[in-house]
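Taken together, the values in this text are just the output of simple stated rules run on the coordinates, not laboratory data. All values reported here derive from a predicted model rather than from experimental measurement. Ideal geometry is used to build each Cβ from the backbone, glycine not excepted, and the neighbour counts take in all protein chains shown.
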Amino acid sequence: MNLCALTIHEARASLGAGHVTATALTRACLTRIHALNPRLNAFLTVNADEALQQAAAADERLRREGAAAFNDQPLLGVPLGIKDVLSTRGLRTTAGSRILEHYTPAWDATCVARLRAAGAVLLGKTNTDEFAMGSSTENSAFGVTRNPWDEARVPGGSSGGSAAAVAADLCCAALGSDTGGSVRQPAALCGITGLKNSYGRVSRYGLIAYASSLDSVGVLAKDARDAAIMLEVIAGHDPHDSTSAARPVEGWEQALNGDIRGLRIGVPREYFIPGMQPEVTEAVRAGIETLRSLGASVIDISLPSTTLALPVYYLIATAEASANLARFDSVRYGLRVPGADLVDTYRKTRGAGFGAEVKRRIMLGTYALSAGYYDAYYVRAQKVRTLIKQEFERAFAQVDLIVAPTSPTTAFKIGEKADDPIQMYLSDIFTLTMNLAGICGVSIPCGFDTAGLPIGMQLMGAAFDEKTVLRAADAFQRNTEWHLRKPAL
Amino acid sequence: MEYEVVIGMETHVEQSTHSKMFCSCSASFFGAEPNTNVCPTCLGMPGALPVINQRAVEFCIMVGLALNCKIARHTFWERKSYWYPDLPKGYQISQYQCPLCYDGYIDVDVRDLSSGNWTETHYRKRIRIRRAHLEEDTGKLAHAGNVSFVDYNRSGVPLIEIVTEPDIASADEAYAYLSALRDIVRYLGVSSGDMEKGALRGEPNMSLRPKGSDTFGTKVEIKNLNSLRAVRDSIAYEIKRQSRLLDEGDQIRQVTLGWDDARGVTVIQREKEEAHDYRYFPEPDLPPLVIDDTWLEAIRARMPELPLAKNDRFMRDFGLSGYDAMVLTKDRATAEYFEKVVAALCGEKNQGLQAAAKSAANWVTGELFRLMGATGAGIEHVKVDPAQLAGLIQLVDNKTININTARQVFEEMFASGRDAGAIVEAKGLAQVNDEATLSKVVEEVLDANPQQAQAYLAGNEKLFQFLVGQTMKRTKGKGNPQVLQGLLKAALDKRRSQ
């Protein structure tokens with residue numbers, strides 16, 4: 001048995017029954033990381049020593065208490081990856097940027113602290129586009145991550161490292177972050193399950209901010225059940241994050257009853273557009289048929305503001321980013337390239353520390369907020385954002401779930417879009433609308449193209465309706481096997 | 001030519017909350033070891049987030065209410081972006097479009113501080129408040145040679161920024177405004193108001209124009225003023241300097257000035273810069289701030305009587321002079337002390353209220369202030385409680401002791417905290433009012449000083465006080481001076497007629 005291939009729920013069963021130890025499971029993952037990471041570059045930092053200590057502690061408790069230990073530590077002994085935009089105490093956190101290459105935080109992000117409290121084994125930090133800005137991990141300062149299904153292709157991004165690590169069985173599951181599709185799009189391109197939570201569902205405290213009003217912590221997992229298990233651990237109000245919702249943590253795993261009879265599914269026509277890869281359209285249409293065959297009713301809907309989402313997103317996200325990234329001034333932490341004076345030091349440090357895409361977005365955002373342009377760009381974008389939000393609210397009065405492709409194409413070749421930001425931005429065209437609306441959704445595998453690359457289908461739910469989203473994804477996975485396929489490595 | 005000055009004032013008030021504006025670090029940065037009151041949030045670490053300090057919001061609303069402002073019921077925070085090492089996030093969380101408090105005013109009593117007789121010469125002036133909002137303070141830079149250090153203890157301490165309309169028309173008015181503002185924030189317990197420690201930072205901007213003109217002249221700003229006197233003196237200096245320049249046909253340059261306290265001159269700190277673009281936009285890390293009725297009314301209910309209202313009430317109800325009312329209401333604890341003395345003197349029926357208030361005022365502004373000044377004790381450390389002071393005053397009123405003895409007794413009380421009655425009894429200081437006893441003393445004094453008595457009768461009236469002194473001496477200061485004087489006069493008159 002390949003221990004690394006276990007899902008969280010499978011691992012828990014084995015650990016609880018004493019068939020496997022957390023140490024063995026962790027060692028298996030570390031061995032596989034050692035073997036495959038040089039090819040995939042999914043992990044930027046491997047936390048081997050601490051992971052083994054955590055595993056040993058887990059084994060200690062499991063020996064004493066057995067499966068009962070999962071009652072208060074639901075992830076006891078489960079090896080996980082953490083996207084490198086999440087602050088980890090004592091563990092280097094780079095955000096994929098040269099400017100934080102040697103930065104080790106003194107504190108944990110709330111979601112990381114919750115994973116630790118749940119007994120998880122933290123294997124290390126996964127690669128990301130610099131400051132989560134990108135759709136391919138090509139913007140990482142530490143090299144691209146390769147797609148386990150085809151190493152000449154990107155894994156998607158920005159949580160490409162986490163997606164590749166899960167798809168390649170380097171860990172059971174991983175945390176990611178999703179600002180415009182950064183969990184769902186790489187999940188789709190790597191053939192795994194990616195959960196983007198409602199804005200405010202999971203604390204952002206310790207998530208290195210890209211665009212504060214859009215950022216959400218999400219989960220990359222092998223199936224919907226694992227995503228539900230992870231969500232139960234990381235969700236819930238955090239007094240350190242004023243935008244985290246005071247909503248109770250629900251029993252999402254328990255709600256997975258496989259029953260979606262009567263579920264009303266909306267299929268928005270704006271998400272099936274010319275120029276899409278035909279195999280994607282076909283696979284998603286087939287996926288929708290599967291849902292219908294399970295008892296859901298399907299209706300066509302329209303979300304006309306979708307076409308405005310891309311420009312709105314790139315105004316709001318970049319505006320917020322331009323301020324969020326101002327703190328990287330070399331004064332307190334991070335790279336410092338000394339200059340002739342203060343301003344020169346700022347220039348040299350940021351010039352050397354930030355990559356091209358980050359600079360591009362800081363400039364876009366600074367411009368959008370500048371005197372004389374603010375009303376025309378930022379204010380107008382916010383107005384359209386409100387319209388988009390209202391449009392989703394109206395849609396969810398009519399349907400329980402909206403189903404659409406996650407990405408217009410399967411994984412593209414490394415370098416294929418790297419020189420064309422607009423083409424790159426378009427790969428998030430189906431995902432970023434959800435961030436503007438603050439709703440939740442999951443991307444699940446629903447087929448493969450002729451090149452053998454996975455195709456993702458996204459199920460979108462109303463804000464804070466993770467329950468419906470996960471239940472539908474789980475029901476789909478109980479009746480399909482797309483999510484069980486593994487890349488040949 | 002005759003000019004008039006137009007002054008607006010921007011004031012930053014450092015709040016004395018326990019914790020900072022957006023994190024739970026201690027806000028008392030003064031004197032603390034550098035960078036000890038810090039956390040990921042006020043250091044701007046990657047991923048750290050702000051959380052609003054409710055108390056700071058309440059403090060700002062209280063100041064707004066005290067300044068007769070409208071309170072925004074639905075407002076939000078904004079990021080103000082600029083670069084400086086003492087600003088850890090590269091932006092300050094502030095308010096721009098929608099200040100928490102706006103459209104208010106403050107009435108201040110302006111005194112002519114150059115006249116010498118400034119205590120009674122004053123007029124009341126209304127200064128409009130444009131806005132008062134909440135923001136976070138920055139850290140502090142220290143320079144040593146070509147190295148600089150940053151201390152982030154102050155980073156994130158809550159600040160209230162208060163901006164007036166350009167209604168201030170003289171250095172004295174500026175002084176009066178800031179002084180009144182300082183009294184108010186101290187009354188509210190919102191800030192120490194100590195300008196020397198930077199807890200209250202007033203920055204006037206001013207321009208001169210020919211008297212009667214309706215256009216504004218070139219504006220200068222004055223910063224780094226760490227006392228009320230510096231505010232007044234720097235403005236007065238600038239009015240003179242600019243008047244002279246304008247008279248000579250020169251232009252005023254738009255600059256930021258500092259104040260050299262030692263030399264008593266302004267110095268140019270910065271030439272006019274190109275207008276800063278702070279790129280304000282709503283802070284996405286914080287939800288909008290909603291002030292509902294319940295909250296606002298709860299804050300309103302906690303508002304104390306403010307200095308000016310107290311001042312006016314003291315004058316009206318107690319019949320105090322403007323001077324007494326002012327010095328007694330400047331500090332809230334002093335005013336409360338004074339009122340307790342008055343209450344203890346009058347009892348519940350408020351009998352003889354004005355007379356009681358007059359003697360209480362005399363004691364508080366006289367002996368109490370003198371001893372507080374001499375010992376450096378604040379009112380909260382004074383051992384004599386108001387009832388004890390009232391007890392002393394009553395001993396004078398019922399002629400148990402005379403005023404001179406009372407002063408001695410008060411010194412004892414101030415030092416020991418004992419009751420006046422106990423001291424009088426222990427030291428046998430009770431006044432002698434008995435006429436028979438005192439008549440005997442008068443006769444003895446006249447017999448012992450025949451020459452002085454003769455000289456007085458011959459027209460040297462100054463000697464009367466000498467003779468009074470002799471009688472007091474003989475009674476060891478306990479003789480009732482009024483009775484003694486009467487008896488002495490009568491005895492001398494009798495001798496004259498003999």
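The table that follows gives values for the structure above.
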| read-out | value |
| --- | --- |
| All-pairs Cα distance distribution in the range B:274-354, expressed in whole percent, bin size 10 Å | 15, 28, 18, 16, 14, 8, 2 |
| Relative packing of peptides B:405-415, B:176-186 - highest average C-beta neighbours within 10 Å first | B:176-186, B:405-415 |
| Dipole magnitude of chain B about its Cα centre (Cβ charges: Lys, Arg +1; Asp, Glu -1), debye to nearest 20 | 1220 |
| Helical contribution to [θ] at 222 nm, DSSP H n ≥ 4, -39,500 (n - 2.57), averaged over chain B, rounded to 500 | -12500 deg cm²/dmol |
| Among the listed pairs B:LYS310/B:LYS340; B:LYS383/B:LYS473; A:LYS196/A:LYS222, those beyond 20 Å (Cα-Cα) | B:LYS383/B:LYS473 |
| Size-normalised alpha-carbon gyration radius of chain A, reference 2.2 N^0.38 Å | 0.91 |
| For the range B:337-381 and the range A:47-124, distance of Cα centres in Å | 66 |
| Rg and Dmax of the range A:3-264, Cα atoms only, in Å | 16.8, 53 |
| For the range B:307-427, convex hull volume per residue from C-alpha positions, Å³ | 97 |
| For residues of A:290-302, the mean tally of beta carbons on other chains within 10 Å | 0 |
| Nearest 10 degrees, 0 to 90: helix B:228-247 Cα axis against chain B principal axis | 70 |
| 5 angstrom amide H check on A:THR88, placed H, neighbours 5+ away | A:ALA109 |
| Lys, Arg +1 and Asp, Glu -1 on Cβ, resulting dipole of the protein assembly as shown about Cα centre, debye, nearest 20 | 800 |
| Cβ-based exposure ranking for B:ARG495, A:ARG385, in which fewest neighbours within 10 Å come first | B:ARG495, A:ARG385 |
| Neighbouring partner chain Cβ atoms per residue of B:283-289, average, 10 Å criterion | 5 |
| Reduced Cα scattering model of the protein assembly as shown, Debye log10 I(q)/I(0), q = 0.04, 0.07 Å⁻¹ | -0.31, -0.73 |
| Antiparallel DSSP beta bridges within the range A:3-264, percent to nearest 5 | 65 |
| Peptide ranges B:129-138, A:352-361 listed from the most packed, as the mean C-beta count within 10 angstrom indicates | B:129-138, A:352-361 |
| Dmax and Rg, reported as Rg then Dmax, of the range A:331-489 (C-alpha, Å) | 21.1, 65 |
| Over the range A:3-157, volume per residue of the alpha carbon convex hull, in Å³ | 104 |
| Chain B: angle of helix B:386-397 to the longest principal axis, Cα-based, in degrees nearest 10 | 30 |
| Ratio Rg/Rh, restricted to the range B:21-70 and using Cα atoms, in which Rh is the Kirkwood radius | 1.11 |
| log10 of Debye I(q)/I(0), alpha-carbon scatterers only, for chain B at 0.09, 0.10 Å⁻¹ | -0.79, -0.90 |
| Spread of Cα-to-Cα distances over 10 Å intervals beginning at zero, given as percent, for the range B:435-497 | 24, 61, 14, 0 |
| Calculated FRET value between A:GLU60 and A:ARG247, using beta carbons and R₀ = 45 Å, to 0.05 | 0.85 |
| Within the protein assembly as shown, percent of DSSP bridges classed antiparallel, to nearest 5 | 85 |
| Degrees, to the nearest 10: B:435-448 long Cα axis against longest axis of chain B | 80 |
| Beta bridges per DSSP with both ends in chain A, % antiparallel, nearest 5 | 70 |
| Restraint check, B:LYS80/B:LYS272; B:LYS20/B:LYS272; A:LYS359/A:LYS486, Cα-Cα greater than 31 Å | B:LYS20/B:LYS272; A:LYS359/A:LYS486 |
| The range B:3-295: C-alpha gyration tensor shape, a/c 1.5 cut-off, then a/b vs b/c | prolate |
| Within the range B:307-427: Cβ-based charge dipole about Cα centre, in debye rounded to nearest 20 (Lys, Arg +1; Asp, Glu -1) | 160 |
| Ordering of A:178-184, B:80-86, A:256-262, B:13-19 by burial proxy (mean other Cβ atoms within 10 Å per residue, highest first) | A:178-184, B:13-19, B:80-86, A:256-262 |
| Peptide B:46-57 - average C-beta neighbours from other chains (10 Å radius) | 6 |
| Karplus 3J(HN,Hα) series, Hz, for the range B:319-336 with 6.51 cos²θ - 1.76 cosθ + 1.60 (x for Gly, Pro) | x, 6, 6, x, 5, 4, 4, 5, 5, 7, 9, 4, 10, 5, 5, 5, 4, 5 |
